[in-house]
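Trainee: Right, I'll just put the structure down here and ask away after.
The values are calculated or read from the model by the stated rules, or taken from the named source; none is laboratory data. Bear in mind the structure is a predicted one, so any value in this text is a computation, not a measurement. Positions of Cβ are generated from backbone atoms using ideal geometry, with glycine treated the same way; all protein chains shown enter the neighbour counts. Accessible surface areas use protein heavy atoms only, side chains included; no ligands, DNA or RNA. Shrake-Rupley method; radii C 1.70, N 1.55, O 1.52, S 1.80 Å.
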Amino acid sequence: MPPALIWLVFALGLAGAEALTGDMFLLMLSGGALSAALSSWLMGWAAWADGVVFLAVSILLLVLVRPALRRRLWSATGTETGVAALTGKSALVLDRVEQHGGRVKLDGEVWTARALTDGEVFEPGEHVTVLHIDGATAVVGKIL
């Protein structure tokens, strides 16, 4: 069996194993094996030279390409969800909101609400900002 074919089978095996892990490590090694297969086929070098090509390309891919690829693929994991995503949003006052209660419409849903400080009162129709969520109650303040 020609060495280029062996390197190609090795590259495909690593790429297939990468599909199971998703860590991008084996994919970089697969790129090195593919380079070794290409150099073996084009240049007809000895097996040790193909190994050097595999090693050099794999290290370059691991050091230069993998970190950027991982940042690009997994950068969206910091998106806030649930009640944390409601902080900072605008809400419409439905029933008078004061320190001890009220109701607002927030993201299309009706929430119980209370003002952040004593003495703050928001009348129906006003827009307020959600400062944080306390249990099932939106703590609101005036939009600046």
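Trainee: Is it the case that region 69-78 has a residue that's open to solvent by 60 Å² or more (accessible area, probe 1.4 Å), of a type in the set (S, T, N, Q), modelled with pLDDT under 90 and closer than 30 Å to Val140 by Cα? First the steps, then the outcome.
Mentor: The initial filter retains those residues of region 69-78 that are open to solvent by 60 Å² or more (accessible area, probe 1.4 Å), namely 70-78.
Still in the list and also of a type in the set (S, T, N, Q): 75, 77.
Next, only the ones that are modelled with pLDDT under 90 stay: 75, 77.
Narrowing the set further to residues that are closer than 30 Å to Val140 by Cα leaves 77.
Among the residues of region 69-78, at least one is open to solvent by 60 Å² or more (accessible area, probe 1.4 Å), of a type in the set (S, T, N, Q), modelled with pLDDT under 90 and closer than 30 Å to Val140 by Cα, which makes the answer yes.
Trainee: Here's something else I'd like to know. Between Ser35, Ser30, Ser58, Ser40, which is in a helix (DSSP H, G or I), touching a residue at least 12 places away in the same chain (Cβ under 8 Å), touching a Pro at 6+ places or on another chain (Cβ under 8 Å) and among the hydroxyl-bearing types (Ser, Thr, Tyr)? Even if it seems obvious, please write down each step before you answer.
Mentor: Details: Ser35 fails: touching a Pro at 6+ places or on another chain (Cβ under 8 Å); Ser30 fails: touching a Pro at 6+ places or on another chain (Cβ under 8 Å); Ser58 fails: touching a Pro at 6+ places or on another chain (Cβ under 8 Å).
Selected residue: Ser40, the only one of Ser35, Ser30, Ser58, Ser40 that is in a helix (DSSP H, G or I), touching a residue at least 12 places away in the same chain (Cβ under 8 Å), touching a Pro at 6+ places or on another chain (Cβ under 8 Å) and among the hydroxyl-bearing types (Ser, Thr, Tyr).
Trainee: Sticking with this one: Just one of (1) of a type in the set (Asp, Glu); (2) open to solvent by less than 40 Å² (accessible area, probe 1.4 Å); (3) farther than 30 Å from Pro3 by Cα trips up Asp107, so point out which.
Mentor: (2)
Trainee: Quick check on Val139: is it free of Cβ contacts under 8 Å to residues at least 40 places away in the same chain, assigned to a strand (DSSP E or B) and either of a type in the set (Val, Ile, Thr) or open to solvent by less than 30 Å² (accessible area, probe 1.4 Å) (or both)? Walk me through how you get there before you give the answer.
Mentor: Numbers: free of Cβ contacts under 8 Å to residues at least 40 places away in the same chain: yes; assigned to a strand (DSSP E or B): yes; either of a type in the set (Val, Ile, Thr) or open to solvent by less than 30 Å² (accessible area, probe 1.4 Å) (or both): yes.
It is true that Val139 is free of Cβ contacts under 8 Å to residues at least 40 places away in the same chain, assigned to a strand (DSSP E or B) and either of a type in the set (Val, Ile, Thr) or open to solvent by less than 30 Å² (accessible area, probe 1.4 Å) (or both).
Trainee: Considering only region 80-89, I want to know if a residue exists there that is over 30 Å from Ser39 (Cβ atoms), within 25 Å of the chain's Cα centre (by Cα), basic (Lys, Arg) and not in a strand (DSSP E or B). Walk me through how you get there before you give the answer.
Mentor: Keep residues of region 80-89 that are over 30 Å from Ser39 (Cβ atoms), which gives 80-89.
Now restrict to residues that are within 25 Å of the chain's Cα centre (by Cα): 80-89.
Those left that are additionally basic (Lys, Arg): 89.
Next cut, not in a strand (DSSP E or B) only: 89.
The answer is yes; a qualifying residue exists.
Trainee: Which residues, taken from region 108-134, are over 13 Å from Asp95 (Cα atoms) and out of contact with any helix residue (DSSP H, G or I) (no Cβ under 9 Å at 6 or more places or on another chain)?
Mentor: So in region 108-134, the residues over 13 Å from Asp95 (Cα atoms) come out as 108-109, 116-120, 129-134.
Listed by number, the residues that qualify are Gly108, Glu109, Leu116, Thr117, Asp118, Gly119, Glu120, Thr129, Leu131, Asp134.
Trainee: Something else now. When region 110-135 is examined, which residues are found to be farther than 19 Å from Val83 by Cα and open to solvent by less than 70 Å² (accessible area, probe 1.4 Å)?
Mentor: Thr117, Glu120, Val121, Phe122, Gly125, Glu126
Trainee: Okay, moving on. Looking only at region 28-51, count every residue that is more than 16 Å from Arg66 (Cβ to Cβ) and open to solvent by less than 90 Å² (accessible area, probe 1.4 Å) and tell me the total.
Mentor: Restricting attention to region 28-51, the residues satisfying the condition of being more than 16 Å from Arg66 (Cβ to Cβ) are 36-51.
Next cut, open to solvent by less than 90 Å² (accessible area, probe 1.4 Å) only: 36-37, 39-40, 44, 46-47, 49-51.
The number of residues fulfilling the criteria is 10.
Trainee: Same structure, new question: Output yes when any residue across region 78-96 is among the β-branched types (Val, Ile, Thr) and without any contact (Cβ under 8 Å) to a residue 24 or more places away in the chain, and no when none is.
Mentor: Residues of region 78-96 that are among the β-branched types (Val, Ile, Thr), as a first pass: 79, 81, 83, 87, 93.
Add one more test, that the residue is without any contact (Cβ under 8 Å) to a residue 24 or more places away in the chain, and what stays is 79, 81.
Yes: region 78-96 contains one or more residues that are among the β-branched types (Val, Ile, Thr) and without any contact (Cβ under 8 Å) to a residue 24 or more places away in the chain.
Trainee: Output the number of the condition that Arg114 fails; it satisfies all remaining conditions of (1) closer than 30 Å to Val139 by Cβ; (2) more than 36 Å from the chain's Cα centre (by Cα).
Mentor: Among (1) closer than 30 Å to Val139 by Cβ; (2) more than 36 Å from the chain's Cα centre (by Cα), Arg114 violates only (2).
Trainee: Residues of region 12-27 being open to solvent by 30 Å² or more (accessible area, probe 1.4 Å), of a type in the set (D, E, K, R) and either in a helix (DSSP H, G or I) or more than 18 Å from Arg72 (Cβ to Cβ) (or both), which ones?
Mentor: Answer for region 12-27, where residues must be open to solvent by 30 Å² or more (accessible area, probe 1.4 Å), of a type in the set (D, E, K, R) and either in a helix (DSSP H, G or I) or more than 18 Å from Arg72 (Cβ to Cβ) (or both): there is none.
Trainee: Next question, about the same structure. Looking only at region 1-27, filter to residues that are out of contact with any helix residue (DSSP H, G or I) (no Cβ under 6 Å at 6 or more places or on another chain) and not aliphatic (A, V, I, L, M); which one of those is farthest from Leu64 (Cα to Cα)? Show your work before the answer.
Mentor: Taking region 1-27 first, the residues out of contact with any helix residue (DSSP H, G or I) (no Cβ under 6 Å at 6 or more places or on another chain) are 1-2, 5-6, 9, 12-13, 16, 19-23, 25.
Of the ones still in play, those that are also not aliphatic (A, V, I, L, M) are 2, 13, 16, 21-23, 25.
Values: Pro2: 31, Gly13: 23, Gly16: 22, Thr21: 20, Gly22: 18, Asp23: 15, Phe25: 12 Å.
Of everything passing the filter in region 1-27, Pro2 is farthest from Leu64 (Cα to Cα).
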